[in-house]
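The values are calculated or read from the model by the stated rules, or taken from the named source; none is laboratory data. Computed from a prediction, not measured in an experiment: that's the story for all the values here. Note that each Cβ is placed from the backbone with ideal geometry, even for glycine, and that neighbours are counted across all protein chains shown. These area figures cover heavy atoms from the full protein model, side chains too; ligands, DNA and RNA do not enter into them. Shrake-Rupley method; radii C 1.70, N 1.55, O 1.52, S 1.80 Å.
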Amino acid sequence: MLLSLILFSSIFHAFCDEIDGGKAPRVLLNDGNTIPVFGFGTFLGFDEKGRKYSEQNETENSVLWALNAGYRLIDTASLYLNEDQVGRGIQKSNVPRENVYIVTKLGQNEQRHVIEALRGSLARLNTSYVDLYLIHFPVALKPDLVEIDVVDYVDTWKGMEEAKRLGLAKSIGISNFNISQIDRLLANCEIKPAVLQVEVNLNLAQDKLIEHAKKQGMAVMAYSPFGGLFSKSDIPPPPRKDHPILKNIAKKYGKTTPQIVLHYLVQRGLIPIPKSLHKERVEENIDIFDFQLTDDEMQTLSEFNKDYRTVWPSYWQDHPYYPFEKKDVPDKNEFTH
């Protein structure tokens, strides 16, 4: 128990000097800026009809609920087609802009024109800067978002560095990069990435990748933090939200099983960004900072790992910069975050 508390305390080694009114502490990045250890995601994912798009005011309302509930990190991307709603939600809140940590991402069809793309995102978000700008994926696509475009992510990174120098982005980072791609970028950059955003959940632990990123001084954001927790099909693998192990741990701490999963990720030193369009769930998800899991509980939860990706766009696997394991038969129904 003592070791668990020490490890949990180490997550919060650096706090923001100013009080931002949020529930999540902030930690120090390698560029001297700080980032909340918990955030709100706005990608709606896919259902049986295909990609889910935000309806009128849907994302705007959820962002407003999140900020009112104590979130201070809001994650979006140009490819989510909701930056305008994110911006309106932030502006409708009573939270000052300087206290909101805005993350957006360079689209796969924008990698030849980084500054122009970022200025477009800033216009939609109605802000003069973002706190974190990420290369969404090392795989580039043509403007139609279908045909593959071979753009070296090292060249793209030069544009990201320029965005930071211009003050358009306070911090810059990467998403969906693997270890070898991280190393190649580090060997050819002037400004190191401050953040790596990848899928992490009980089904996909990513231990080696996370350890490597942290050794290089990068914070790790965890998208799709629930994995298969709410799945109604046989895949992904267990656990589901009603798994006995999760229920027993949740009962012990007076929490829900999704809260246990989110806290597990935070206690691993990660920055989860759960999403929801339901006000009660938005408020519930961030209420996880009043308990610590024991060493045994952390070990038990880690044993659910099956190295199973929820996000696995294998139809891009012939691209020279595809970062994931390849499949014999690419699945056209898979998608990217």
Review point. How about the range 128-171: which of its residues are assigned to a strand (DSSP E or B), of a type in the set (D, E, K, R) and over 14 Å from LEU106 (Cα atoms)?
Key: ASP149, LYS170
Review point. Does ASN109 satisfy the criteria of being over 24 Å from ALA213 (Cβ atoms) and polar (S, T, N, Q)?
Key: yes
**Study point:** Unmet criterion (only one of (1) under 21 Å from the mean Cα position of the chain (by Cα); (2) open to solvent by 70 Å² or more (accessible area, probe 1.4 Å); (3) within 21 Å of PRO138 (Cα to Cα)) for TYR321
**Key:** (2)
Review point. Are any residues in the range 162-200 surrounded by 16 or more Cβ atoms within 10 Å (Cβ to Cβ) and out of contact with any helix residue (DSSP H, G or I) (no Cβ under 8 Å at 6 or more places or on another chain), and if so, which ones?
Key: LYS164, GLY173, SER175, ASN176, ALA194, VAL195, GLN197, GLU199
Practice item. Report whether or not VAL146 is over 24 Å from ALA222 (Cα atoms) and without any contact (Cβ under 8 Å) to a residue 24 or more places away in the chain. Key: yes
Check your understanding: Here is a list of conditions, (1) surrounded by fewer than 16 Cβ atoms within 10 Å (Cβ to Cβ); (2) assigned to a loop (DSSP other than H, G, I, E, B); (3) among the charged types (D, E, K, R), and LYS275 meets all of them except one; can you say which number that is?
Key -> (1)
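Please indicate, with yes or no, whether at least one residue in the range 110-127 is at pLDDT 95 or above and part of a strand (DSSP E or B).
no
Kindly evaluate TYR308 against the criterion of being at pLDDT 95 or above, among the hydroxyl-bearing types (Ser, Thr, Tyr), within 30 Å of GLU147 (Cβ to Cβ) and in contact with a Ser or Thr (Cβ under 9 Å, 6 or more places away or on another chain). Even if it seems obvious, please write down each step before you answer.
Details: at pLDDT 95 or above: yes; among the hydroxyl-bearing types (Ser, Thr, Tyr): yes; within 30 Å of GLU147 (Cβ to Cβ): yes; in contact with a Ser or Thr (Cβ under 9 Å, 6 or more places away or on another chain): no.
In short, no.
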Exercise for review: Return the only residue of LYS251, LYS326, LYS255 being part of a loop (DSSP other than H, G, I, E, B) and open to solvent by 50 Å² or more (accessible area, probe 1.4 Å).
Suggested key: LYS326
Review point. (1) closer than 25 Å to LEU29 by Cα; (2) β-branched (Val, Ile, Thr); (3) free of Cβ contacts under 8 Å to residues at least 60 places away in the same chain: which one isn't true of ILE249, the others all being true?
Key: (1)
Practice item. Check the range 105-126 and report whether any residue there is in contact with a Lys or Arg (Cβ under 7 Å, 6 or more places away or on another chain), over 27 Å from THR310 (Cα atoms) and either open to solvent by 10 Å² or more (accessible area, probe 1.4 Å) or without any contact (Cβ under 8 Å) to a residue 60 or more places away in the chain (or both). Key: no
Practice item. Please tell me if ARG240 is of a type outside the set (Val, Ile, Thr), touching a residue at least 12 places away in the same chain (Cβ under 8 Å), more than 22 Å from THR34 (Cβ to Cβ) and not in a loop (DSSP other than H, G, I, E, B). Key: no
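Keeping to the range 281-315, report how many residues are outside any loop (DSSP other than H, G, I, E, B) and either open to solvent by less than 20 Å² (accessible area, probe 1.4 Å) or out of contact with any Phe, Trp or Tyr (no Cβ under 9 Å at 6 or more places or on another chain) (or both).
11
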Review point. Quick check: anything in the range 47-57 at pLDDT 95 or above and part of a loop (DSSP other than H, G, I, E, B)?
Key: no
Check your understanding: VAL198: part of a strand (DSSP E or B), closer than 30 Å to ASN285 by Cα, in contact with a Leu (Cβ under 6 Å, 6 or more places away or on another chain) and of a type in the set (A, V, I, L, M, F, W, C), yes or no?
Key -> no
Practice item. Scan the range 75-93 residue by residue and report those that are closer than 19 Å to GLY39 by Cβ, assigned to a loop (DSSP other than H, G, I, E, B) and out of contact with any strand residue (DSSP E or B) (no Cβ under 9 Å at 6 or more places or on another chain). Key: ASN82, SER93
Check your understanding: Looking at (1) at pLDDT 95 or above; (2) open to solvent by less than 80 Å² (accessible area, probe 1.4 Å), which is the only condition LEU145 fails?
Key -> (1)
